[in-house]
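Below is one structure; the comments refer to it alone.
The values are calculated or read from the model by the stated rules, or taken from the named source; none is laboratory data. On a predicted model such as this, the values are computed, not experimentally measured, just so you know. Quick reminder, even Gly has a Cβ in these numbers, built from the backbone with ideal geometry, and neighbours come from all protein chains shown. Heads up: the accessible areas ignore ligands, DNA and RNA and are worked out on the full protein's heavy atoms, side chains in. Shrake-Rupley method; radii C 1.70, N 1.55, O 1.52, S 1.80 Å.
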Protein chains: 2
Amino acid sequence: MLIVKKFGGTSVADKERIFNVAKRCIEDYEKGNDVVVVLSAMGKYTDELIEKAHDINPNPPKREMDMLFTIGEQMSVSLMAMAMAQLGVRAVSLNAFQVPMHTTSSYGNARLKKIDTERIKRELEDRKIVIVTGFQGINKYDDYTTLGRGGSDTTAVALAAVLHADACEIYTDVDGVYTADPRLVPTARKLKEITYDEMLDLATLGAGVLHNRSVEMAKKYGVRLVVRSSLNNSEGTVVKEVVNKVERMIISGVALDKNADRISVIGIQDMPGSAFKLFNTLAKKNINVDIIIQSVGREGTKDISFTVSHENLDEAIALLEEKKEALGFEKVEYNCDVAKLSIVGAGMMSNPGVAAKMFECLYNQDVNINMIATSEIRITVLVAQKDAVAAMNAVHEAFGLSERN
Amino acid sequence: MLIVKKFGGTSVADKERIFNVAKRCIEDYEKGNDVVVVLSAMGKYTDELIEKAHDINPNPPKREMDMLFTIGEQMSVSLMAMAMAQLGVRAVSLNAFQVPMHTTSSYGNARLKKIDTERIKRELEDRKIVIVTGFQGINKYDDYTTLGRGGSDTTAVALAAVLHADACEIYTDVDGVYTADPRLVPTARKLKEITYDEMLDLATLGAGVLHNRSVEMAKKYGVRLVVRSSLNNSEGTVVKEVVNKVERMIISGVALDKNADRISVIGIQDMPGSAFKLFNTLAKKNINVDIIIQSVGREGTKDISFTVSHENLDEAIALLEEKKEALGFEKVEYNCDVAKLSIVGAGMMSNPGVAAKMFECLYNQDVNINMIATSEIRITVLVAQKDAVAAMNAVHEAFGLSERN
C-alpha cells in the first residue's frame, strides 16, 4: 500500500509532537507500506514570518512573501527527517524544487499544475519515508509560490492522486467529520463515511475540517480521503464517492455559520439587468454573496437581499452607497444579527419532505426563518443569532443524528 | 560597474541593520551600478537552527542538516528584498536552486563547481538588485549543500568571478585589514591595500577578517576584493595581486595566534621515514601541524617538536601515546603556554635582514624564542604566552607600522 499522510502545523508544533508524528508514520512503514508525509509549517511559525515581514514592509511583494513563507515547511520536513533518523528509519525531506511541484504563476494563491513523481518514486523504491513540504510550489519563473488557504491538504491530495496512493490521510486536531460541531451540539456523532459532495457542502458552510479545494481535487481524481486525529488512533471519517447505503442517513450533518451578514437593497428599479448589475459590481471587488432572495417592492421596484461574510460587510456597503445612482436603488440596509443554519445530505435527494421537516422543527422551536436557499443536497436558512444554537440542536435531533438515537 | 556586496549575519541581525544594508546597496544602485548582494543568515539564527536540530537528533544526517541550514539565508534574502521594496527599489531574492549554484556532493562542506549566471544577468538587465543566499548550493542529486566555514564570502567571490564584477566588497564588523589586531596593538593602522598572498598568510594565522577559501578563489580569478565596515563609510582595504610600490612597507602586518600548543616527541629513532610516519599518523586523523623543528637527541635519536591548534591537543597526545611503539620514540611532552607571533609582508622578499630585525627586537624585549618558521613572505616565532602581546607591540613598532610613524 502507498499511503499519503498529511499533518498540520499543530501536529508538528514541538519536539514531542514531531516524534509522535514520526512514530505514526513509521508504524505504517514497518508494516511494509510506502509512506509519503506532507507537512505544514510548525505551529504558529507562519504567523511569526508574517510578523517579521510586516515589520519591515507592511505591504511586501507577494513574490518575496512566498519566498519567506516556504522556509516554514522546509523547517518542518528537515526536522521530521532528523526525528525519523533518530528512530532508526531512513527518511528524506523534499521541498517544492526537489519534487518538483509545478504551479500556476500567481504568488500567494497558486494552483497546482503538475507534480513530477520521479524523485519521490525513486526514494520510495529505496525504502525511504518521503517527507514533502506542503503548501508550496514553483512556477514557470522558477520562483516559489504558495497555494493559499488549505494549501497543505491540497498538496497531500494531489500527491495521492499522481502517485495513485491507496489512501490520503488528513490528520487534524479533531478525530473525524461530525454530524455537527460538537462544541455547539453536544450530542453530535462522528460519521464513519461521507460523500465528497456532502463534504464540499460542509466545507463551504465553514463546518468542515477540510478545505474545499482539497475535497474537490479528491473527488475529481477519486482519491480516498480519510480525516483522522493526530492525537489518538480512532478510525476517523472516510470521504469517498458513494457511501454504504445501510449507513446512509437522510442528512449527514448540520452546519452553522455565524459569520454571515444580511444586506438588503431596497427599492431597486424593476427592469432587466438590474440584478446582474448589482451582483456584477460586488463580484468585481471579489465580494462573494450567498443566499439571494428577491421580493416585490413598492411602485414598480423590488427589494433584493443577500448574505455576505462579515469581513466583507463594510466594503460591500461602501461600494453600494458609492454606486447607488448607477445601480438605481432607494437605500441599502444590513443586519449582522443573523446566522446561516444548514442541513447537508445526499440522502435528501431521494427523500421528499426534508425541507418541510426542517421548517416544522424550527416552527416548533418558535424560530423565525429570514431567508431560505436550497440545493440538491443542502437546505440553508437564515435565522437570528440568538436562536441559532438551539435551532441547530433541535434540527440535529429531529433528523436522528444524535448519539443517543 | 557591477559590484558584488557581501554582508554577514551581524549586518542583517535586525530590522534596523537590514535597512542600513538596503540603503548602502541602493546608493550604489542609484549611481547606475549593477548590484548583486550576498547575505548570510541573520545574527545567531544558524545557531538557533543547530539547537533545534540537536534537540531532536544529536547526530542528525548531514543532508537534512543542510536542508535545515539553508532556510537561514532564504529568510535574510527575502526580508532584504522586502526592505528594498519598502524603499521603492526593485529587488529580487534568489536561493541556490534559483541561481542555480552547483556544488560538489558533500554535505556540510561542499565546494562550488559551477554557477549559472543566466537568471542573475536577466534580473540585472531588468534593473533589479539581485539578492543571493550565501553559504548554500545544490549538488547533482538536487539536494541542498552548504559550503562550510566562510561559505558566504566564498559565494560572493565566486559570483564576482563568474559575473566578471568590478569589485567584490566584503562587509564585516571591522573597517578593513589592520597591521595588527587593534585590540592587542592600540597603534595598529588600517592598510589601504594588501596582496592576496599576504592576506592568505594573515588568514591562516587567524588574524584575517576573510576566510582562506575566499581569498584563494579571489587570487585564482583575479577578483578585486574590498574589505569594508558595514557600520561606517570608510574606504576599507583592497586585496589584490600587486600593491602600490610607494605604499609598500616591508611587512604588512603582525599576527598573534594564542591557540597554538607545542608538542615535543622526544627520543625518536634517527632513521629514514621516522618523521614521515609521525606526521602521516597525525594527518590521517586530520590533525594539522604547523611549525616543525627537529633537533639531535641523545644516543642516535632525535627530538621533533611541532605546534597544533589547542582543540587538537588532546587527540594528538592520545594518538601519539597509542602509536608510541610503532613510531618508536621515548616520550611525548607538550606545552600550552605558548603563542605564535608572525610578521607577514611581500616586501620582505626583497629586503634582507627582516628576520634579523625581528629577532633583535625580541632580544631587546628580553623575549625568548622557542621555535622559528619562515616562508617567503612570513616569519613566525613561538614565544611564551606572557610575553606575546608586548612582543607583538614591539615588533609592530620596530617595523614602522604604528599609526604615529
Problem - B:Thr146 polar (S, T, N, Q), out of contact with any Pro (no Cβ under 9 Å at 6 or more places or on another chain), buried (at least 22 other Cβ atoms within 10 Å of the Cβ) and within 14 Å of another protein chain (Cβ to nearest Cβ) - result: yes
Exercise for the section: State which residue is nearest to the other protein chains (Cβ to nearest Cβ) when the search covers only region B:1-19 and only residues that are in a helix (DSSP H, G or I) and surrounded by fewer than 20 Cβ atoms within 10 Å (Cβ to Cβ). Expected result: B:Lys15
Handout entry: Odd one out for B:Met80 among (1) surrounded by 24 or more Cβ atoms within 10 Å (Cβ to Cβ); (2) closer than 30 Å to A:Ile18 by Cα
Key = (2)
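Yes/no matrix, rows are residues, columns are (1) of a type outside the set (Lys, Arg); (2) touching a helix residue (DSSP H, G or I) at 6+ places or on another chain (Cβ under 9 Å):
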| residue | (1), (2) |
| --- | --- |
| B:Gly43 | yes, yes |
| B:Ile50 | yes, yes |
| B:Arg63 | no, yes |
| B:Phe97 | yes, no |
| B:Gly108 | yes, yes |
| B:Arg111 | no, yes |
Handout entry: Subset of region B:168-183 [open to solvent by 10 Å² or more (accessible area, probe 1.4 Å), closer than 16 Å to B:Arg228 by Cα and either of a type outside the set (A, V, I, L, M) or assigned to a strand (DSSP E or B) (or both)]
Key = B:Glu169, B:Thr172, B:Asp173, B:Asp175, B:Tyr178, B:Asp181, B:Pro182
Practice task
Filter region B:104-135 down to the residues that are hydroxyl-bearing (Ser, Thr, Tyr) and within 14 Å of chain A (Cβ to nearest Cβ), then identify the one that is surrounded by the fewest Cβ atoms within 10 Å (Cβ to Cβ).
Solution key: B:Tyr107
Exercise for the section: Would you be able to say whether some residue in region B:153-166 is part of a strand (DSSP E or B) and closer than 19 Å to B:Phe7 by Cα? Expected result: no
Handout entry: Residues satisfying the stated conditions in region B:264-275, i.e. touching a residue at least 60 places away in the same chain (Cβ under 8 Å) and within 33 Å of the chain's Cα centre (by Cα)
Key = B:Ser264, B:Val265
Problem - Matching residues in region B:276-293 - criterion: being free of Cβ contacts under 8 Å to residues at least 40 places away in the same chain and either surrounded by fewer than 17 Cβ atoms within 10 Å (Cβ to Cβ) or farther than 14 Å from B:Leu327 by Cα (or both) - result: B:Phe276, B:Phe279, B:Asn280, B:Ala283, B:Lys284, B:Lys285, B:Asn286, B:Ile287, B:Asn288, B:Val289
Handout entry: Residues that are at the interface with chain A (Cβ under 8 Å from one of its Cβ atoms) and either under 27 Å from the mean Cα position of the chain (by Cα) or at pLDDT below 95 (or both), drawn from region B:79-102
Key = B:Ser93, B:Asn95, B:Phe97
Handout entry: Unmet requirement for B:Asp290, which otherwise passes all of (1) over 30 Å from B:Gly9 (Cα atoms); (2) part of a loop (DSSP other than H, G, I, E, B); (3) of a type in the set (Asp, Glu)
Key = (2)
Handout entry: Identity of the residue in region B:184-197, in contact with a helix residue (DSSP H, G or I) (Cβ under 6 Å, 6 or more places away or on another chain) and closer than 24 Å to B:Ala390 by Cβ, that ends up most open to solvent (accessible area, probe 1.4 Å)
Key = B:Leu184
Problem - Meets criteria (surrounded by 15 or more Cβ atoms within 10 Å (Cβ to Cβ), within 11 Å of chain A (Cβ to nearest Cβ) and part of a loop (DSSP other than H, G, I, E, B)) for B:Ala22 - result: no
Exercise for the section: Take B:Asp55 and decide whether it is open to solvent by 10 Å² or more (accessible area, probe 1.4 Å), at the interface with chain A (Cβ under 9 Å from one of its Cβ atoms) and over 18 Å from B:Thr145 (Cα atoms). Expected result: yes
Handout entry: The lone exception for B:Ile71 - which of (1) surrounded by fewer than 24 Cβ atoms within 10 Å (Cβ to Cβ); (2) within 7 Å of chain A (Cβ to nearest Cβ) it fails
Key = (1)
Exercise for the section: Using the structure shown, decide if B:Ala161 is more than 14 Å from every other protein chain (Cβ to nearest Cβ) and touching a residue at least 60 places away in the same chain (Cβ under 8 Å). Expected result: yes
Problem - Which listed residue is under 30 Å from A:His396 (Cα atoms) and modelled with pLDDT under 90, from A:Lys277, A:Lys284, A:Lys340, A:Lys258 - result: A:Lys258
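What do you reckon, is A:Ala41 at the interface with another protein chain (Cβ under 9 Å from one of its Cβ atoms), among the hydrophobic types (A, V, I, L, M, F, W, C), crowded, with 23+ Cβ neighbours inside 10 Å and touching a residue at least 40 places away in the same chain (Cβ under 8 Å)? Break it down into steps so the answer makes sense when it comes.
Values: at the interface with another protein chain (Cβ under 9 Å from one of its Cβ atoms): no; among the hydrophobic types (A, V, I, L, M, F, W, C): yes; crowded, with 23+ Cβ neighbours inside 10 Å: yes; touching a residue at least 40 places away in the same chain (Cβ under 8 Å): yes.
In short, no.
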Problem - Per-region count, region A:268-287, residues in a loop (DSSP other than H, G, I, E, B) and out of contact with any Lys or Arg (no Cβ under 9 Å at 6 or more places or on another chain) - result: 6
